[in-house]
Amino acid sequence: MKPRASAEFWLAFFFLTFAAVLIFVWVPLDTGTGLVEKVRRKFIIGDALGPTVAAAVIAIGAVLVMMRPSEGKALTKTNLYWMLGLFALFAVSLLLMRYAGPIAASFTETGYRPLRATPPWNYIGFLIGGTVMIGGLTGLASRRLAPRDFVIGFVAALAIALLYDLPFEDLILPPNGDL
């Protein structure tokens, strides 16, 4: 009798399929440019690069999980609670990332749209959402929330934001391009 594929395999297969749909369906339908564009003899990052790289990382992770020897264990309630906790944390973090900047700028005369590419306004959502995400992930993994984790999350989110923002003068930090 053939051994059945484990729950880990099916979860990895789901994410591999999800990554393929992202790369080959969602990204081409949702973005107006390719991965890299040449404008006036200068290469610039296209709208499709970020989501394509993210989907490729998801696909690599899925393939690595599929290649790992299976232990044949089924998913437990604890596993499902863990995934639900991760989903909730990601949802809260992304909502903060999306709405923190516009809420902060709602107290200005001009609103958020004219300010979205100028410091500090372009960093507000990214830093708050990124700090909550990294600090929350650390807290979930260690099963305790510590202020130190959120400080590390803030520094990491700031480093990522600066690595995206400083080298490229025409790049707008996410999610500011959609606002």
Candidate set: the range 100-111, residues that are among the aliphatic types (A, V, I, L, M) and under 18 Å from Phe154 (Cβ atoms); chosen: the one least open to solvent (accessible area, probe 1.4 Å): Ala100
Out of the residues in the range 23-48 that are of a type in the set (Val, Ile, Thr) and more than 19 Å from Glu169 (Cα to Cα), state the one that is most open to solvent (accessible area, probe 1.4 Å). Val25
So how many residues does the range 141-161 have that are within 21 Å of Trp82 (Cβ to Cβ), of a type in the set (A, V, I, L, M, F, W, C) and buried (at least 16 other Cβ atoms within 10 Å of the Cβ)? 1
Return the pairs, sorted by first residue and then second, in which the second residue is surrounded by 14 or more Cβ atoms within 10 Å (Cβ to Cβ), the first residue lies in the range 19-46 and is in contact (Cβ under 8 Å) with a residue 40 or more places away in the chain, the beta carbons are less than 7 Å apart, and the residues are 6+ apart or on different chains. Ala19/Ala55; Ala19/Ile58; Ala19/Ala59; Ala19/Ala62; Ile44/Glu37; Ile45/Leu171
Does Thr78 satisfy being free of Cβ contacts under 8 Å to residues at least 24 places away in the same chain and open to solvent by less than 70 Å² (accessible area, probe 1.4 Å)? no
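Here's the yes/no breakdown for (1) free of Cβ contacts under 8 Å to residues at least 40 places away in the same chain; (2) within 20 Å of the chain's Cα centre (by Cα); (3) surrounded by 12 or more Cβ atoms within 10 Å (Cβ to Cβ):
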residue	(1), (2), (3)
Gly50	no, yes, yes
Ala55	yes, yes, yes
Arg98	no, yes, yes
Arg113	no, no, no
In the list Ala55, Ala20, which residue meets the criterion of being under 26 Å from Leu173 (Cβ atoms), of a type in the set (Gly, Ala, Ser) and assigned to a helix (DSSP H, G or I)? Ala55
Hey, can you tell me all the residues within the range 115-133 that are within 30 Å of Leu84 (Cβ to Cβ) and open to solvent by 50 Å² or more (accessible area, probe 1.4 Å)? Ile128
Can you tell me which of Leu166, Leu171 is among the aliphatic types (A, V, I, L, M), under 26 Å from Phe43 (Cα atoms), free of Cβ contacts under 8 Å to residues at least 12 places away in the same chain and surrounded by fewer than 19 Cβ atoms within 10 Å (Cβ to Cβ)? Leu166
For the range 57-70, pairs from a residue that is modelled with pLDDT under 90 to a residue that is in a loop (DSSP other than H, G, I, E, B), with Cβ under 6 Å and 6 or more apart or across chains, are Ser70/Ser6
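The values are calculated or read from the model by the stated rules, or taken from the named source; none is laboratory data. What you see is a predicted model; the values in this text were computed from it and never measured. Positions of Cβ are backbone-derived with ideal geometry, glycine not excepted, and every protein chain shown enters the neighbour counts. Side chains are part of the model used for accessible areas, which takes the heavy atoms of the whole protein and leaves out ligands, DNA and RNA. Shrake-Rupley method; radii C 1.70, N 1.55, O 1.52, S 1.80 Å.
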